[in-house]
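Since the structure comes first, as structure tokens, the remarks are kept for the end.
The values are calculated or read from the model by the stated rules, or taken from the named source; none is laboratory data. Only a predicted model underlies this, so the values are computations on that prediction, with no experimental measurement involved. Backbone-built Cβ (ideal geometry, glycine too); neighbour counts: all protein chains shown. Quick note on the areas: whole protein, heavy atoms, side chains included, nothing else; ligands and nucleic acids left out. Shrake-Rupley method; radii C 1.70, N 1.55, O 1.52, S 1.80 Å.
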Amino acid sequence: MNDRVAPNLISAVDEARHWVRLMEMAELGAIPGPTPEDPGVNRACLTPLDRAARRKLIAWGAEIGLTASVDAMGNLFLRHEGTDPAAAPVLTGSHMDTQPNGGRFDGIWGVLAGLEAVQAIRAAGIATKRPIEIVAWTNEEGGRFAPGCMGSMAWSGFAPPETWDNVTDPDGMTFRAALEEHLAAEADIPRRPLGGRPHAYVEGHIEQGPRLEAEGLDIGIVTGIQGSRWFVVELTGKSDHAGTTPLLLRQDAVQDMVRAINALNILTQDPRDVLRFTVGRIEVSPNTSNSVAERVRFTIDLRHPEKEVLLARGDAITGVVQAAVRGCKVAVTERFHAMPTTFQPEVPAAIERAAAAQGLKAARMPSGAFHDAQFLVPVCPTGMIFVPCRKGVSHHPAEFARPEHLAAGTRVLAAALVDLANG
Ligand code: GLV
Ligand code: MN
Ligand code: MN
């Protein structure tokens with residue numbers, strides 16, 4: 001096993017090349033940020049920008065001899081061949097789509113860290129028995145088509161690939177139509193079957209929380225991911241004239257939404273601040289100043305590390321909303337659930353060995369954000385490497401991670417990949 005540092009591997013990870021690639025990717029979908037030094041990224045999945053990013057990745061992979069393939073969900077793979085091509089591969093990667101008001105590191109770092117790690121392994125002349133595949137999962141963010149993690153959910157068999165066919169984006173395009181358009185645009189890339197049985201999966205990601213930076217740590221060895229449930233609440237009332245309709249005659253969907261959210265805030269109170277409840281998107285119709293709202297749709301994102309809490313509070317949502325509203329019809333739909341997961345010991349152990357061998361300060365920690373890795377757990381030993389990000393900010397253009405932290409995470413990934421691919 002890998003309890004020594006392979007100096008040629010470590011020095012083959014090129015911090016400057018890695019950073020330049022990240023910044024080049026960030027130009028695809030660049031949006032203004034809080035300062036000129038902090039531009040953000042808006043690169044929605046299955047758009048021309050997403051395809052441009054994927055072509056760039058494929059080209060960088062081709063330069064070093066990696067072969068690309070795509071499955072029926074648009075998940076993209078770059079393969080480094082093993083000395084035993086029939087052996088189950090080690091998979092590494094993350095996603096290339098961003099939030100609409102996203103940053104330069106969420107997702108894309110894990111993909112480019114995989115590329116840099118594999119490039120370093122090849123440059124160091126290290127042969128791996130198992131192939132290593134870099135994956136970019138389709139639609140992790142759920143920003144254009146909700147929910148997120150569609151690519152990994154379908155790949156792992158968690159849900160059939162047709163599940164989201166009729167989900168629409170804000171312009172009314174269905175996920176199926178967008179996926180078909182996308183697959184047609186990538187028809188020149190060889191197709192591979194959906195699914196697989198890798199030897200292991202390792203995902204690199206910025207922490208998206210403040211702990212590593214605050215404690216001066218280099219590496220987070222992720223132990224598992226808290227559970228999430230997403231709901232859409234639809235309240236239907238009646239639209240009326242804002243100046244003439246007495247309150248008693250109204251069925252005001254916005255007022256009922258306020259009542260519902262107040263009641264949900266009580267349902268989700270947690271003095272320990274472990275239960276996370278977010279209403280992040282509200283659609284009002286007809287959405288004019290001088291009309292009573294007829295219809296409101298709002299989203300709920302609920303998270304907790306314990307399954308029992310997530311189930312009990314999530315299952316109570318419909319009743320709480322129904323009891324809170326005055327007059328509107330209520331429909332609550334659950335559109336995503338991922339129960340809390342604990343990673344098997346193998347991959348965290350490989351990450352821990354690599355970090356220790358490189359003299360890095362590492363700590364085991366859970367993930368508050370969800371990740372594609374969650375859906376790989378039933379398929380193979382899985383783990384994640386976190387690196388610090390500034391003040392823990394993420395899902396925002398101000399998201400920032402330092403080049404040296406990203407390079408350190410990439411070196412740990414490279415060593416862990418060799419360990420797993422030869423183990
Ligand atoms: C992932 O993007 C999450 O919302 O946790
Ligand atoms: Mn992410
Ligand atoms: Mn994200």
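So that you can scan it fast, the table gives a plain yes or no per residue for (1) within 19 Å of residue 29 (Cβ to Cβ); (2) open to solvent by less than 10 Å² (accessible area, probe 1.4 Å); (3) aromatic (Phe, Trp, Tyr):
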residue: 91; (1), (2), (3): no, yes, no
residue: 113; (1), (2), (3): no, yes, no
residue: 125; (1), (2), (3): no, no, no
residue: 129; (1), (2), (3): no, no, no
residue: 138; (1), (2), (3): yes, yes, no
residue: 144; (1), (2), (3): yes, no, no
residue: 157; (1), (2), (3): no, no, no
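Scanning the stretch 123-138 for residues that are touching an Asp or Glu at 6+ places or on another chain (Cβ under 6 Å) and assigned to a loop (DSSP other than H, G, I, E, B) returns 129, 131. Only one of the numbered conditions (1) assigned to a helix (DSSP H, G or I); (2) within 26 Å of residue 342 (Cβ to Cβ); (3) more than 13 Å from ligand 2 (Cβ to nearest atom) is not met by residue 378, and that is (1). The residues of the stretch 366-393 that are within 16 Å of ligand 3 (Cβ to nearest atom), farther than 20 Å from residue 211 by Cα and of a type in the set (A, V, I, L, M, F, W, C), listed by number, are 373, 375. Against the condition open to solvent by less than 10 Å² (accessible area, probe 1.4 Å) and either part of a loop (DSSP other than H, G, I, E, B) or more than 16 Å from ligand 1 (Cβ to nearest atom) (or both), how does residue 120 come out, does it pass? So residue 120 fits the description; yes.
For the stretch 407-417, filtering for residues that are out of contact with any Gly (no Cβ under 8 Å at 6 or more places or on another chain) and either under 12 Å from residue 360 (Cα atoms) or surrounded by fewer than 24 Cβ atoms within 10 Å (Cβ to Cβ) (or both) leaves 4. Within the stretch 394-415, being assigned to a helix (DSSP H, G or I) and closer than 20 Å to residue 212 by Cα holds for 403, 404, 405, 406, 407, 408, 409, 410, 411, 412, 413. Residues that are away from ligand 2 (no atom under 16 Å from the Cβ), open to solvent by less than 20 Å² (accessible area, probe 1.4 Å) and either free of Cβ contacts under 8 Å to residues at least 12 places away in the same chain or assigned to a loop (DSSP other than H, G, I, E, B) (or both) are absent from the stretch 364-375 altogether. Highlighted here are the helices (runs of 4 or more DSSP H) found entirely within the stretch 1-66 that include at least 3 residues which are within 30 Å of residue 164 (Cα to Cα) and either out of contact with any helix residue (DSSP H, G or I) (no Cβ under 9 Å at 6 or more places or on another chain) or in the same structural domain as residue 107 (by TED's automatic domain parsing) (or both): 48-63. Hey, does the stretch 170-178 have a residue that's open to solvent by less than 10 Å² (accessible area, probe 1.4 Å), of a type in the set (Ser, Thr, Tyr) and not assigned by TED's automatic domain parsing to the domain that holds residue 300? Within the stretch 170-178, none of the residues are open to solvent by less than 10 Å² (accessible area, probe 1.4 Å), of a type in the set (Ser, Thr, Tyr) and not assigned by TED's automatic domain parsing to the domain that holds residue 300.
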